Amino acid sequence: MGNFLTRTKERLASSSTIEDAQLRQDAIKAGCEPIAAHQDRCVVTVHGTLRTVTLCPRSGVAPALEAELYDGSGTVLLVWLGHRRIAGITPGREITACGRLGTRGGERVMFNPRYELIA
């Protein structure tokens, strides 16, 4: 049983590594540097896959739509202020986003980025 679990873990780790490498390669093909290579407070263009999309209601202020973009090297939280929903912004969707990269609570973030949905 222990051998089976070890082999299963190794296969999952291996497939995850392959998927990460493919995502990094897709970002490079799109003309973007990996998220991990970018400095804070710079205007950057990033490319990857949306992992999660969440509506964050805020009391007394407009809601915000948040989407976690992953490119195989790192993540950036894309935040659209004042939006409850944006057509095409769904988990698993591949997009290219452009905006100023910052940090909020130790997490990389980009507010109201311009974006292009990839078919």
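Tabulated values for the structure
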| item | result |
| --- | --- |
| Matching option when the condition is touching a helix residue (DSSP H, G or I) at 6+ places or on another chain (Cβ under 6 Å), assigned to a strand (DSSP E or B) and modelled with pLDDT of 95 or more, among VAL46, VAL109 | VAL46 |
| Tabulated pairs, the stretch 93-114, first surrounded by 15 or more Cβ atoms within 10 Å (Cβ to Cβ), second in a loop (DSSP other than H, G, I, E, B) and of a type in the set (Asp, Glu), C-beta under 9 angstrom, 6+ apart or interchain | LEU101/ASP40; GLY102/ASP40; ARG108/ASP40 |
| Unique match (being assigned to a strand (DSSP E or B), of a type in the set (A, V, I, L, M) and more than 23 Å from ALA30 (Cα to Cα)) among LEU65, LEU101, LEU69, LEU78 | LEU65 |
| Subset of the stretch 24-44 that is surrounded by fewer than 19 Cβ atoms within 10 Å (Cβ to Cβ) and under 19 Å from LEU117 (Cβ atoms) - its residue that is nearest to the chain's Cα centre (by Cα) | ASP26 |
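The values are calculated or read from the model by the stated rules, or taken from the named source; none is laboratory data. Not measured: the values here are computed from a predicted model. Positions of Cβ are backbone-derived with ideal geometry, glycine not excepted, and every protein chain shown enters the neighbour counts.
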